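Encoded as structure tokens, the structure appears first; notes follow it.
The values are calculated or read from the model by the stated rules, or taken from the named source; none is laboratory data. Because the structure is a prediction, the values reported are computed rather than measured. When we count neighbours, we look across all protein chains shown, and the Cβ atoms used for this are built from the backbone with ideal geometry, even at glycine. Just so you know, the surface numbers come from the protein's heavy atoms only, side chains and all, with ligands and any DNA or RNA stripped out. Shrake-Rupley method; radii C 1.70, N 1.55, O 1.52, S 1.80 Å.
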Amino acid sequence: RETLFFVVCSGMRSLRFLVVAVLIGICAAQMKANPVLKVMKCPSPLNWNSSDIATVPSFHMDSGAGVPTQETTARVCYNQQYIVVRYDCVDNNIYNHYTNCNDPLYNEDVVEMFITTASGSSSAATYHYLELEVSPNGVLFVSNITNESGDCTRFSGVTIPCPSSGVIVDAKRDDAANKWSAIVQVPFTLLARIPPYQGDHDAGAAPSTYRANFFRIDEPKGKAREFSCWSPTMANPACFHKPAYFGTLELV
């Protein structure tokens, strides 16, 4: 009986140690630092293969479970007027039928960028950020988001007319080669309109640090829709509107 008691107690202690170890692992994963990307000035003339242009590491599924079927590459630089992002997408099923500014592009193939100033995405009760989307056909969606919950349960957006946003888009699709690309130029003057960071100023007065995340919605041929991003929000079902998971862009 004493031997049995010792074995049982030892087993219970081992089980407790195992549970503690699992909990520590879960906490460590949750506390993993969000990614940081050092963004340099765009070379002149602009050469997207330049080593001076920051490349976002491979996209991951938004849930954090692996990588998407089709690769997405995003590269970022900036100049006096714009933050410039180029997306290159492998795609064997390019589709987005929308044609008008601020159509619901997110219902089909699209790349997205959520971005805010550091003050706009603080730990305060309400988050403010811009949502920018581009379809394979070069259609643009721009919205000023107010997120009271920090997730997809309670947020709202006010769309911004594309011409007055100042965002410049250039998209190219090559269906035969199963790929498409989009270049998005986001003006500092638009970023300055994100509450509570407001005011008229030139690019020289813009902050040097932004919080952002890059996303893609894609439906590979014969497969279900996939939601991928730079900094996974660990949401299942997918939820891009989790600003606590935004990475950091440091303009250097």
* Got a number for residues in the range 159-181 being more than 20 Å from V84 (Cβ to Cβ), in contact (Cβ under 8 Å) with a residue 60 or more places away in the chain and in a helix (DSSP H, G or I)? -> 1
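One line per residue, one yes/no per condition, for (1) modelled with pLDDT under 95; (2) over 15 Å from the mean Cα position of the chain (by Cα); (3) open to solvent by less than 70 Å² (accessible area, probe 1.4 Å); (4) within 25 Å of C239 (Cβ to Cβ):
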position: Y87; (1), (2), (3), (4): no, no, yes, yes
position: H97; (1), (2), (3), (4): no, yes, no, yes
position: V110; (1), (2), (3), (4): no, no, yes, yes
position: M113; (1), (2), (3), (4): no, no, yes, yes
position: A125; (1), (2), (3), (4): yes, yes, no, yes
position: R154; (1), (2), (3), (4): yes, yes, no, yes
position: A171; (1), (2), (3), (4): no, yes, yes, no
position: V184; (1), (2), (3), (4): no, no, yes, yes
* Within the range 99-108, track down each residue that is open to solvent by 10 Å² or more (accessible area, probe 1.4 Å) and not aromatic (F, W, Y). => T99, N100, C101, N102, D103, P104, N107, E108
* Pair list, Cβ under 8 Å, 6 or more apart: the range 22-49 residue more than 17 Å from Y210 (Cα to Cα) and open to solvent by 80 Å² or more (accessible area, probe 1.4 Å), other residue β-branched (V, I, T) and modelled with pLDDT of 50 or more -> L46/V84
* Identify, by number, the condition in (1) within 28 Å of A177 (Cα to Cα); (2) aromatic (F, W, Y); (3) part of a strand (DSSP E or B) that Y95 doesn't meet. => (3)
* To do: Looking only at the range 223-241, decide whether some residue is assigned to a strand (DSSP E or B), open to solvent by 20 Å² or more (accessible area, probe 1.4 Å) and in contact (Cβ under 8 Å) with a residue 12 or more places away in the chain.
  => yes
* Asked: Restricting attention to the range 191-209, does a residue exist that is at pLDDT 95 or above, touching a helix residue (DSSP H, G or I) at 6+ places or on another chain (Cβ under 7 Å), farther than 18 Å from S135 by Cα and not in a loop (DSSP other than H, G, I, E, B)?
  -> no
* To do: Name, by its number, the condition in (1) modelled with pLDDT of 90 or more; (2) in contact with a Ser or Thr (Cβ under 9 Å, 6 or more places away or on another chain); (3) open to solvent by less than 40 Å² (accessible area, probe 1.4 Å) that does not hold for V134.
  => (2)
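For D91, indicate whether it is free of Cβ contacts under 8 Å to residues at least 40 places away in the same chain, buried (at least 16 other Cβ atoms within 10 Å of the Cβ) and over 18 Å from the mean Cα position of the chain (by Cα).
So D91 does not fit the description; no.
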* Asked: Which of (1) over 14 Å from the mean Cα position of the chain (by Cα); (2) at pLDDT below 95 does A244 not meet, given it meets every other one?
  -> (1)
* Asked: Among the candidates A33, A21, A28, which residue alone is at pLDDT below 90, outside any helix (DSSP H, G or I) and among the aliphatic types (A, V, I, L, M)?
  -> A33
* the range 50-85: number of residues that are open to solvent by less than 40 Å² (accessible area, probe 1.4 Å), touching a residue at least 60 places away in the same chain (Cβ under 8 Å), in contact with a Pro (Cβ under 9 Å, 6 or more places away or on another chain) and of a type in the set (V, I, T) -> 2
